[in-house]
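J.: Pasting a structure below so you can have a look.
The values are calculated or read from the model by the stated rules, or taken from the named source; none is laboratory data. Treat the numbers as computed from the prediction; the structure is a model and nothing was measured. Using ideal geometry, Cβ is built from the backbone for each residue, glycine included, and neighbour counts are taken over all protein chains shown. We work out accessible area using only protein heavy atoms, side chains counted, and drop any ligands, DNA or RNA first. Shrake-Rupley method; radii C 1.70, N 1.55, O 1.52, S 1.80 Å.
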Amino acid sequence: MFEAQAICTPTRLQLPIFTRNCISRPRIGFVARISNPNELLCQTHSCFFLSPLEDIRTQTRFTFNASSSSVGSAEYIEEPATKVRFQTSLSLPGCSISLSLLGTGYREKVFAIIGVKVYAAGLYVNQSILNSLNAWKGRSAAEIQEDSSLFSTIFQSPLEKSLQIVLVRDVDGKTFWDALNDAISPRIKSPTPVDESALSTFRSIFQGQPLKKGTFIFLTWPDPSKMLVCISADGLPSSVDAAIESENVALALFDVFFGDTPVSSSLKSSVVNGLESVLK
């Protein structure tokens, strides 16, 4: 039931050649007596984003070279728990420059004693963001982890950052949205009409859309006031599906993953380790 911690420390590489088939088949194991883990997964939509799981036991560590466009030692980094591979550098719709992978993790929900992995995720950033983080140079991973102002600085930067989510099982679009909304709503205490409109736009992207295993979902923040959403069932997206024009909604979603109570502690811990490496 419990995986051993895996540490991956890549070195530098040349710019990767992008391919569309950039994920591997995830392998998920269940106790033999559970004949249909999907039934467990669908008992509550809140399993995807609520109540952060202490899944730090599997992390991936990166060496991030701020003076070049490379991250890692190969074109891909594998997230150990799900075996999903992430490209070390990506060009995405709505981004003016290639983004580099800073860390990966996964989301898991436990039903009884069964751990069900839902998705893998990776954070990509414009390398110039590092220039705004000089105040944290020389900090340890533990110090970075406890200092929420660092992630606030990353979010407030007018430079691109993007979260790639890769589903490792089939999920109904409505279920995915309901779970996402349940995580966002408590973070917006008094939504404005602009926020309500943005949430309605966000919801319409997922409603009625089946999300198959292997689907890519990109949440990209080109600046603090906007979030771009791209969904692709066939490799990297070529266009933006929706633009969310609300800083409150954009911040709430960033906080879901990188706030004080992240839904994937393995993802935040991996990003923290990456930041520790590049801020030495």
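J.: Could you check how much of the accessible area of region 187-226 is carbon and sulfur, as a whole percent, using a 1.4 Å probe?
T.: Carbon and sulfur: 52 percent of the exposed surface of region 187-226.
J.: On to the next question. Would you tally the net charge around ALA121, using a Cβ to Cβ cut-off of less than 9 Å, leaving ALA121 out, and scoring K and R as +1, D and E as -1? List each step's numbers first, then the result.
T.: Numbers: positive: ARG107; negative: GLU79.
So the surrounding residues net to 0.
J.: Let me ask something else. Which length gain, in nm to one decimal place, applies between THR201 and ASP170 when the Cα-Cα distance is subtracted from 0.36 nm times their residue separation?
T.: Between THR201 and ASP170, full extension yields an extra 8.9 nm.
J.: Residue by residue through region 230-238, what is 3J(HN,Hα) from phi via Karplus (6.51 cos²θ - 1.76 cosθ + 1.60, θ = phi - 60°)? Round to whole Hz and write x for glycine and proline.
T.: Rounded to whole hertz, the list is 10, 10, 9, 9, 9, x, 5, x, 10.
J.: In addition: Taking the Cβ of PHE254 as the centre, find all other residues whose Cβ is under 10 Å away and add up their charges (Lys, Arg: +1; Asp, Glu: -1).
T.: Once positives and negatives cancel, what remains is +1.
J.: For region 250-265, what does the Karplus curve 6.51 cos²θ - 1.76 cosθ + 1.60, with θ = phi - 60°, yield as ³J(HN,Hα) per residue in whole Hz, taken in order and with x for Gly and Pro?
T.: Taking θ as phi minus 60°, the curve returns 4, 5, 4, 6, 4, 5, 4, 9, 10, x, 5, 10, x, 6, 10, 5 Hz for region 250-265.
J.: Also, quick follow-up: Karplus couplings for region 164-169 from phi (6.51 cos²θ - 1.76 cosθ + 1.60, θ = phi - 60°), rounded to Hz, Gly and Pro as x?
T.: 9, 10, 10, 5, 10, 7
J.: If I ignore ligands, DNA and RNA and count only protein heavy atoms, how much of ASP182 is accessible to a 1.4 Å probe, in Å² to the nearest 10?
T.: Only protein atoms counted, so the area is about 50 Å².
J.: Work out the charge dipole of region 221-280 with +1 on the Cβ of Lys and Arg and -1 on the Cβ of Asp and Glu about the Cα centre, then indicate which of PHE258, MET227, PRO237 is farthest towards its positive end.
T.: Selected residue: PHE258.
J.: Quick one: which residues, 5 or more positions from GLU160 or on another chain, have an amide H under 5 Å from its amide H? H modelled 1.01 Å from N in the peptide plane, none for Pro or chain starts.
T.: The answer is ASN126.
J.: Order the following by accessible area, largest value first: GLU79, GLU247, GLU146. Probe radius 1.4 Å; ligands, DNA and RNA are ignored.
T.: The most accessible residue leads, giving GLU146, GLU247, GLU79.
J.: TRP136: net charge of surrounding residues, Cβ under 14 Å, Lys/Arg +1, Asp/Glu -1, itself excluded?
T.: Local charge sum for TRP136: -1.
J.: Top to bottom by accessible area (1.4 Å), largest first, where do ARG169, ARG187 land? If you can, show how the numbers build up before the last one.
T.: Working: ARG169 20, ARG187 75 Å².
So the residues, ranked largest to smallest area, are ARG187, ARG169.
J.: Excluding residues fewer than 8 places away in the same chain, name every one of the lysines whose C-alpha is closer than 22 Å to that of LYS109.
T.: LYS83, LYS117, LYS174, LYS212, LYS213, LYS268
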